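Colleague: The structure is given below, and queries will be raised subsequently.
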Amino acid sequence: MRFYVTTPIYYVNSTPHIGHAYTTIAADVLVRHHRQRGDETFFLTGTDEHASKVARVAEEQGLAPKEYADQIVEHWRALPERIDAQPDFFIRTTDEGHKAFVQDFLQRVYDNGDIYEGTYEGLYCVGCEAFKTEAELVDGKCPEHEVEPEYIREQNYFFRLSAYQNRLLELYEQRPDFVVPTFRANEARSFIEQGLQDFSISRAGQPWGVPLPWAPDQVAYVWVDALINYLSALSYAREGENLVERYWPEVRHLLAKDILRFHCVFWPALLLSAGYPVPKQLFVHGYLTIDQRKISKSLGNVIEPLDLVDVYGADALRYYLFRAARFGQDGNASVEELHERYERELGNDLGNLLSRLTALISKFRDGKLGASGGSGEVAEAVAGIGREVPARFDEYDLTGALDSIWDVVRGLNRHVEQTKPWEIAKDESRADELDRVLYELADGLRAVAVAISSFLPETSARILTALRQPADLAWELVAPSRAQPAEGIAAADPLFPRIDLPTAAA
Ligand code: ME8
């Protein structure tokens, strides 16, 4: 199996915030999980640079747009590493390889007769980088950015989106899981059913962008330029190789609901026109809010995700974001809740389990773990997540995957309380029983470490090391009785040490 996942490419008019980290982490969790299943994976993220708002910020700073982008892109390049994400390629829309591909793509659409010249007269929201109709405004303002759009009149080129209405409806008819969750597919479909208007695919008024091959005095509309990244990257990410055939048919786009129409309507139509297959699947997640407001650069209401990572570590943030909201739905995140879950779920449920278990093995068995069969409750629970978690992942239900794994973590803690290894240890005649109980617990925690590794890569490795188990993360190992006999197990340091609630970040 092949699995190619993308994040939106982010605007460089500002620096990354937790909302961007959210999608990038989700993509990384998915990709790591699929690698565990033995899939051949590719993970793409990057930056969208040819926006008018980028040119404007550059001008405010007295820099040429490219000069400005070259500086700020370093913050974006640093994002994946700070949150322990491992993209295979980082695309910038200012890459020469991308620009050449965009020109080729647009030429194909042009040659297909889907582009015509016209006059655009109307409103444009620079925040959305989108043309707006009166009907989309609330009190004359863009509801997303809370600013009045600008009036534009210019001669430019239009894409015949209206000609694709029926083909798009057929696509949604034939592939009920083209867009997930289903309520998002319905949203896209009803937008299509209302009737599609042709849209402008070029801008005459601003020079920052990719010149149209047939009219180089105009640049490609930033959204068209940006969407093509998902395809263009495959053409030059690996020198001397074209990955388009290998990965394009397997692409899954991750995005939030703010950019649903561009991805679920405009993009498949552009691909059909240029003669490429439409994406395999799009997953549209909700917004993360703080105090019920969208965390957004334009509203000046921003949590700096890198700050939370400095305090709690990347693993804790990777975990918490899929607890704050059921992945897919909107949800509210707060530093207080992160702190509380860090202490209760990561520190107590998972961290203490490892500390207790390694202390017991060290104290009563001199750090040795013998081979012993596992059956019964713990083994069943482990076999259960071996089946259940991949099914959750196949539905992008990252929160459900965490729920399943956490049931086992809690079950293991209950098992410690019920079996009371420290009591068994008092009675020499129960030595075999103690061996069996310690093995069951260690084996269960080992399987949990493998299962949780896509969310908590660093913690997972620490647990396996503490239990003196191989670092192999193959999904087959999320099964009972796979713990290897081991020696030298010592009482482990806390996985999630106590932290003072940071006041600055709250
Ligand atoms: O739209 N909650 O870039 P962008 C959840 N350049 N996700 C959030 C979020 C929040 N509060 N804030 C941001 C663009 N995101 C275009 C995309 S793609 C061809 C071009 C995430 O910098 C989420 O994935 O505004 C959202 O769709 C994306 O960042 C928007 O990033």
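Colleague: Condition (residue is outside any helix (DSSP H, G or I), modelled with pLDDT under 85, within 15 Å of the ligand (Cβ to nearest atom) and of a type outside the set (S, T, N, Q)) applied to the range 303-314: is it met by at least one residue?
Modeller: Looking for residues that are outside any helix (DSSP H, G or I), modelled with pLDDT under 85, within 15 Å of the ligand (Cβ to nearest atom) and of a type outside the set (S, T, N, Q), one finds at least one in the range 303-314, hence yes.
Colleague: Report the residue count in the range 191-203 for those that are of a type in the set (F, W, Y) and buried (at least 18 other Cβ atoms within 10 Å of the Cβ).
Modeller: Result for the range 191-203: 1.
Colleague: Let me ask another. Quick one: in the range 382-408, which of the residues that are under 17 Å from Y439 (Cα atoms) and surrounded by 19 or more Cβ atoms within 10 Å (Cβ to Cβ) is farthest from the chain's Cα centre (by Cα)?
Modeller: V382
Colleague: Restricting attention to the range 174-190, which residues are open to solvent by less than 40 Å² (accessible area, probe 1.4 Å) and either hydrophobic (A, V, I, L, M, F, W, C) or in contact with a helix residue (DSSP H, G or I) (Cβ under 6 Å, 6 or more places away or on another chain) (or both)?
Modeller: The answer is F178, V179, V180, A185, A188.
Colleague: To continue, here is another question. Which of the numbered conditions does S162 fail, given that it passes all the others? Conditions: (1) more than 30 Å from the chain's Cα centre (by Cα); (2) farther than 25 Å from A51 by Cβ; (3) open to solvent by 60 Å² or more (accessible area, probe 1.4 Å).
Modeller: The single condition S162 does not satisfy is (3).
Colleague: Go through the range 211-232 and count every residue that is free of Cβ contacts under 8 Å to residues at least 12 places away in the same chain and touching a Phe, Trp or Tyr at 6+ places or on another chain (Cβ under 8 Å).
Modeller: So the count comes out to 0.
Colleague: Output the residues belonging to the range 447-491 that are surrounded by 20 or more Cβ atoms within 10 Å (Cβ to Cβ) and over 27 Å from the mean Cα position of the chain (by Cα).
Modeller: A466, L467, R468, Q469, P480, A483, I489
Colleague: Criterion first (under 23 Å from H145 (Cβ atoms) and either free of Cβ contacts under 8 Å to residues at least 40 places away in the same chain or out of contact with any Leu (no Cβ under 7 Å at 6 or more places or on another chain) (or both)) does W208 satisfy it?
Modeller: Yes; evaluated as a whole, the condition is true for this residue.
Colleague: Regarding L260, is this residue modelled with pLDDT of 95 or more, within 23 Å of L398 (Cα to Cα) and hydrophobic (A, V, I, L, M, F, W, C)?
Modeller: So L260 fits the description; yes.
Colleague: Is at least one residue of the range 329-350 at pLDDT 95 or above and not in a helix (DSSP H, G or I)?
Modeller: Looking through the range 329-350, at least one residue is at pLDDT 95 or above and not in a helix (DSSP H, G or I).
Colleague: I would also like to ask the following. In this structure, is L196 in contact (Cβ under 8 Å) with a residue 24 or more places away in the chain, in a loop (DSSP other than H, G, I, E, B), away from the ligand (no atom under 15 Å from the Cβ) and of a type in the set (A, V, I, L, M)?
Modeller: It is true that L196 is in contact (Cβ under 8 Å) with a residue 24 or more places away in the chain, in a loop (DSSP other than H, G, I, E, B), away from the ligand (no atom under 15 Å from the Cβ) and of a type in the set (A, V, I, L, M).
Colleague: Provide a single number: the residues in the range 79-112 that are free of Cβ contacts under 8 Å to residues at least 40 places away in the same chain and either in contact with a His (Cβ under 6 Å, 6 or more places away or on another chain) or farther than 21 Å from W208 by Cβ (or both).
Modeller: The qualifying residues number 2.
Colleague: Quick check on P176: is it part of a strand (DSSP E or B) and without any contact (Cβ under 8 Å) to a residue 12 or more places away in the chain?
Modeller: no
Colleague: Determine whether R498 is in the same structural domain as A401 (by TED's automatic domain parsing) and modelled with pLDDT under 95.
Modeller: In short, yes.
Colleague: Looking only at residues that are surrounded by 20 or more Cβ atoms within 10 Å (Cβ to Cβ) and among the acidic types (D, E) in the range 96-141, which one is nearest to P8 (Cα to Cα)?
Modeller: Top of the filtered list is E129.
Colleague: Please work out if Y4 is touching a strand residue (DSSP E or B) at 6+ places or on another chain (Cβ under 7 Å) and surrounded by 24 or more Cβ atoms within 10 Å (Cβ to Cβ).
Modeller: Answer is yes for this residue.
The values are calculated or read from the model by the stated rules, or taken from the named source; none is laboratory data. Note that this is a predicted model, so its numbers are computed, not measured. Methodologically, a virtual Cβ is constructed for each residue, glycine included, from the backbone with ideal geometry; neighbour enumeration extends over all protein chains shown. Each accessible area value is taken on the protein alone, full model and side chains, heavy atoms only, with ligands, DNA and RNA left out. Shrake-Rupley method; radii C 1.70, N 1.55, O 1.52, S 1.80 Å.
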